[in-house]
Amino acid sequence: MATQQKKLYALMGKKKYGFSLPLTETIRIGKRKYKILIKEDEKHGTYVLWKNRRYPVEILQSRQNKFEILLNYVSYSFTIETPFSLKRKQYLSKEMGQVEEEKILAPMPGKIIEVLVREGTEINRGEPLLILEAMKMQNEINCPVNGIVTAVNVKPEVNVVKDDVMLEIRISQ
Amino acid sequence: MKINNILIANRGEIAVRIISTARRMGIKTSVIKTSAEPAAMYLSLADNVYDNTENVSEIPVFLDIERIIKIALDTGADAIHPGYGFLAENPYFAQKCVDNKIAFIGPSPDSIYKMGNKTLARKIALANNIPMTIGSDGKIPSENEAVRIARRIGYPVIIKAASGGGGRGMRIVSKEEDMPNMFRLASNEAEKAFSDPSVFIEKYIENPKHIEFQILGDTKGNIIHLGERECSVQRKHQKLLEEAPSIALDDQLRKEMGQMAVRIASAVGYYSAGTVEFLFDSEGAYYFMEMNTRIQVEHPVTELITGIDMIEEQIRIAEGKELRYSQKDIKFNGWAIECRINAEDVQSGFSPSPGKIEQIIMPSGDNIRVDSGVQAGSVIAANFDSMIAKLIVYGKDRKDALANCKQALDKVWIKGTKTTLPFFRMLIRNPRFLDGSITTSFIENELTSYHVNSEYEEMLAAWLATWLFVEENLDESNLKINFEEAKNISPWLLNKRISRH
Amino acid sequence: MDIDGKYYKAYKKRLKMLEQQQSKEKVKKQHDKGKLTARERLDLLLDEGSFEEVDAFVVPDTLGIEFGKVEKYFGDGVIAGHGKINGRLVFTYAQDFTIMGGSLGIVHANKIAKIQEMALKMGAPIIALIDSGGARIQEGIASLSGYATIFNNIIRSSGIIPQIAVIMGPAAGGAVYSPALMDFVFMTSYTSYMFVTGPNVVKEVLNEDVSFEELGGAEVHAKKSGVAHFIYDDEENTILGLKKFLSYIPSNNVENPPTVEETGKTPDINNKLLDIVPDDPNKAYDVKEVINNIVDKGSFFEISELYAQSLVTGFARLDGRTIGIIANQPKVLAGVLDINSSVKGARFIRFCDAFNIPLLTFEDVPGFLPGIDQEHSGIIRHGAKLLYAYSEASVPKITIILRKSYGGAYIVMNSKNLGGDFNFAWPTAEIAVMGPEGAVAILYRKELAEAEDPDKLKAELVKKYRERIANPFVANEKGFIDEVIDPSQTRKKLKTAFKALTNKWVEIPSRKHGNIPL
């Protein structure tokens, strides 16, 4: 495949960055090219040297073509696409509409204190869904979308671990 | 009475902070080792470590009053510093110390009780003519009562835990239909956090600044204030950045509010360090909110502009000594800013992000102070708070301090957990923050993104993701598959495999 | 040779016709569905220039067609041949949806059968890229018999060469049994479907409305039915995943899996392992963290990741050599064994055993899932499959008990007397007939009922039970645990242990075949 693909795209939401293959270890800004060096040492851990600056970097997730990267403390989630898979994505999103379902994952391990919605509850973006106690705090988990609760997988006093699917919400437009 | 050996009934950065002053004063310190973090940094700095790792109890040790008293007696401590948190504001604990002839480094049980009970505190403030928001006269027994009172006060209102503080158990209610639900939530949270479900209601001041006065009092009845701190950068009542002084106050107002703070402290015969919190509205009016009867997380900004070591004063006061300063001795120099660098994921609403600190490098210099209880290898555990370090920066004026802060933030290096750094890097570039006009609703109401957005860094991250994909999938030279070695099978095994099939 | 000669010209002309057969319109139509063509897929799959096609010019058998019409295209809707993947010989066929919907006629079937037989003779893996409308109705019974031939060949080759199906379009009706009989099934999300009866029939018979995706999409098969072992978002990633997967398995049941040099570095002594399992036995953790801190860096490749998640199965490498990992997942339902996880584990173990892949078991299991539903659905039968598979497997087998190991689940998870070669335990292990609370409640029921402070007595008894019974040291003293090991040294221990087991051979009584409780 290496020889067959000419270009790859890193996609994050609506943002798209194209890179020609073979991938060079430089990024061009305007007319200048800046060399990228990936390094590791005891004192700093893994880091990237770029434009005369040291950037801390951690790979939080790497799964198939999905990567979550923490660069300079900000996390970025990219999927890597080929020209064809990009076209396929456009076709599929046209065919099937937008992502219909939102899963509410536990952001950290903790205990459910209260569930404020039931199956069928209509809910708006920003409204509280449940209370999760962790790190001595009662954290209100708010709804990231407008929609209808389709599944409630937790109840009070239940312990959850990170990334457990607590609720599922069907997104309405 | 001279204090010789302090048991620090706390952990993390505040334990480290107390040890450093105690050591300078020639006082021995004892700390408690827990099974939750047996390798914590504060343990390595104290003179004496009490090993509590074998103790199996439902109650975590720093919440276990009887246990702490027993440890104090066992270690021969003549004083206990509770740091901030549960024990610091528990009148029963303070009384227990007194009963066991251990000096409690903090105010009297009576002042803790009076100020800790928010409905009582309101009554005292009212009796002393301290400006206050209108609110319920006492605890509210039921949802219906809450609805009735809120209707009288007028929305928006805020529900607060009667025995609370620090934002827990607080709910803002802007319309009547939300009241029953919010009332239950607040009461539930208050019960969880403070073992007391009672709550009260106040008029909610929209878009106020949070301004608090540091006070110091001795057992002889002398009370002074050390000026104000502004803590308007907060999210859901959790402070993120504090500064001293506040850009909103002039000398006249500072003097007036300082006097109010001293007045209410005097009303309860207050001694040791304490903080009187005010809401400050857009018209310049201020309202007494509550008094915290302990050392605060953000005390270093006051220390930097006054030059007074507050822990040292607390210890001296607990020894029964008279205050070394009168109000006129207190001079304010320069500007100080504190950023709370927490293990939190700002991109998913500041949710805790526990983990192991792999590397940590904090900036240093004349204008920088770092209070931290972690080092490389420390674990930010899910059962404690998420503080990694406080970065405190000084400047000759606000502009200078902001510039120093921006520089210092860029020098922080922390690997292993997500942190609030991207938030501060955004904030330090935000014009509303820079001009000093923000209020406590700034984060929730005005920001659409809680982190710095750098186009170049995003591009670099995109490149990295692509590079990882290529390394993992397309670069065949990376996957060195060897089919030949696989054929190298001992004849013993090979013959048997072949003969079976 | 006379290059102007008429035979040579005819040969060139046929090549041209074959090329032109795939018209631009047909390619566009396939692309517009988000799908690649059969040839494009083969290009992605095989090393550049390595594909050798057979039977490119066969034409459909139109003799005796009484109903409808069959278009005469070369190849009859399937491309077959052999090629190389990372330098290794594989046989493969790719159904071509652009030719008569990839429908299966007798010539199409015979072509596949030919490749299957060659793969078996050569001892090479076979990969099926499936994108077919199903049986060719026009050819009637001949088409059905074609399926039977293919199924027969799969079963004949089963356990001798790896057989892998990649579903990249529809697979419906009887056709689904071809992937079902093979060892592993890959699916591409949103554009592949598998079902025995389609939405139209479901609607007709049961009057239920269901979409293709809901009935037999990749996600359904990955999460609910367990039919698909791997799913990917697009075809390129499906094929990349398949190629990565192949690096773990041997070409046949006589050879060993290939070795792959470790690129990263997992330390032999790894202190991170000390922090993962919580002291509190009721707290969950992710067993994959344990796995990833032991095996070669980045080498863990999970199988059926989304199905029966309370049991984790997958390949990994230790010192460059493939091992099969079975691990209870405390993060999901406390790692309990239920029907689905038992079956998932059993099938994985049997693949590993057939293809000389040593087994490593990580155990932290509270027991079998209780309940009417499980009992009535046959947890007895299905749990027995896991037991059978473990015992039957003659490859090297090592177990590490991380924490809980209670009752029947202890026995099943490759216990010593079931045939474990090395049974290790971490000091955190709790091995007993049942958990402390349950045991105390049964053994001291009377005392507890009469006690002044039953909670206090219970706590004392639980403590005593842990000290006297539910720990790894008792099992160690009795020889059911070979060694209690320091968690940080696990990788080092395993490397040595698997090395010692390299030439393991178990004589098995001669028989036609065992009778696994299916």
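The values are calculated or read from the model by the stated rules, or taken from the named source; none is laboratory data. Just so we're clear, the structure is a prediction, and the values are computed from it rather than from any experiment. Here Cβ is always computed from backbone atoms with ideal geometry, including for glycine, and neighbour counts include all displayed protein chains. Accessible surface areas use protein heavy atoms only, side chains included; no ligands, DNA or RNA. Shrake-Rupley method; radii C 1.70, N 1.55, O 1.52, S 1.80 Å.
Computed quantities for the displayed model
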quantity	calculated
Residue order for B:Lys220, C:Lys404 - accessible surface, 1.4 angstrom probe, largest first	B:Lys220, C:Lys404
Buried solvent-accessible surface, both chains (C, A), 1.4 Å probe, Å² to nearest 100	1900
Alpha-carbon centroid distance for the pair the range B:261-280 / the range C:504-518, whole angstrom	83
The range A:1-98: GluC sites (Glu not before Pro) falling in loop per DSSP and having at most 13 other Cβ within 10 Å	A:Glu25, A:Glu42
Å² per residue, accessible surface of the range C:64-117 at 1.4 Å	34
Projected area, mean over directions - the range B:3-162, Cα convex hull, nm²	12.3
Antiparallel DSSP beta bridges within the protein assembly as shown, as percent of all bridges there, nearest 5	75
Largest to smallest accessible area among A:Leu49, B:Leu226 [probe 1.4 Å]	A:Leu49, B:Leu226
Carbon/sulfur fraction of accessible area - chain B, other protein chains in place, 1.4 Å, %	49
Ordering of C:272-281, B:256-265, B:81-90 by burial proxy (mean other Cβ atoms within 10 Å per residue, highest first)	B:81-90, B:256-265, C:272-281
Rg/Rh (Cα only; Kirkwood hydrodynamic radius) as it applies to the range B:321-411	1.09
Cβ-placed point charges (K, R +1; D, E -1), dipole of the protein assembly as shown about Cα centre in debye, nearest 20	2400
With all protein chains modelled, accessible area of C:Thr496 [1.4 Å, Å²]	90
Per-peptide average of other Cβ atoms within 10 Å, ordering B:271-284, B:423-436, B:52-65 highest first	B:271-284, B:423-436, B:52-65
Where only C-alpha atoms are counted, convex hull volume of the range A:101-171 per residue in Å³	65
Heavy-atom SASA rank of C:Glu392, B:Glu189 (probe 1.4 Å, accessible area, largest first)	C:Glu392, B:Glu189
Between the range A:44-94 and the range C:390-421, the Cα center-to-center distance that results, in Å	41
Rg in Å to one decimal, and Dmax rounded to a whole Å, for chain C via C-alpha atoms	26.7, 108
Shielding by partners - mean other protein chain Cβ count within 10 Å, residues of A:31-37	1
From the C-alpha gyration tensor of the range A:7-96, square roots of 5λ in Å	28, 17, 11
Loop-resident sites, the range C:421-518, for GluC sites (Glu not before Pro), counting at most 15 other Cβ within 10 Å (DSSP)	C:Glu452, C:Glu507
DSSP bridge pairs, chain C: antiparallel proportion in percent, nearest 5	35
Entries in A:Lys14/C:Lys288; C:Lys283/C:Lys458; A:Lys7/C:Lys331; C:Lys13/C:Lys243 that, when Cα-Cα distance is taken, lie over 28 Å	A:Lys14/C:Lys288; A:Lys7/C:Lys331; C:Lys13/C:Lys243
C:Ile442 accessible area, 1.4 Å probe, all protein chains in place, Å² to nearest 10	110
Radius ratio Rg over Rh of the protein assembly as shown, counting only Cα atoms, Kirkwood formula for Rh	1.02
Test item: C:108-120 mean partner chain Cβ contacts at 10 Å	0
Accessible-area composition of chain C, carbon plus sulfur, in percent [1.4 Å probe]	55
For the range B:134-203, alpha-carbon Rg relative to the globular expectation (2.2 N^0.38 Å, N residues)	0.95
Separation in nanometres of the label points that stand 7 Å from Cα toward Cβ, at A:Arg63 and C:Lys223	1.2
Solvent-accessible surface (1.4 angstrom probe) belonging to B:Cys405, in square angstrom, nearest 10	0
Chains B and A, summed buried accessible surface - 1.4 Å probe, Å², nearest 100	5500
Largest to smallest principal axis extent of the C-alpha atoms in the range B:103-243, angstrom	50, 31, 30
Compactness of chain A - radius of gyration and Dmax, Cα, Å	20.6, 59
Relative counts (whole %) of C-alpha pair distances in chain B, using bins that are 20 Å wide	21, 53, 18, 6, 2, 0
Radius of gyration and Dmax over the Cα atoms of the range B:88-180, both given in Å	16.3, 52
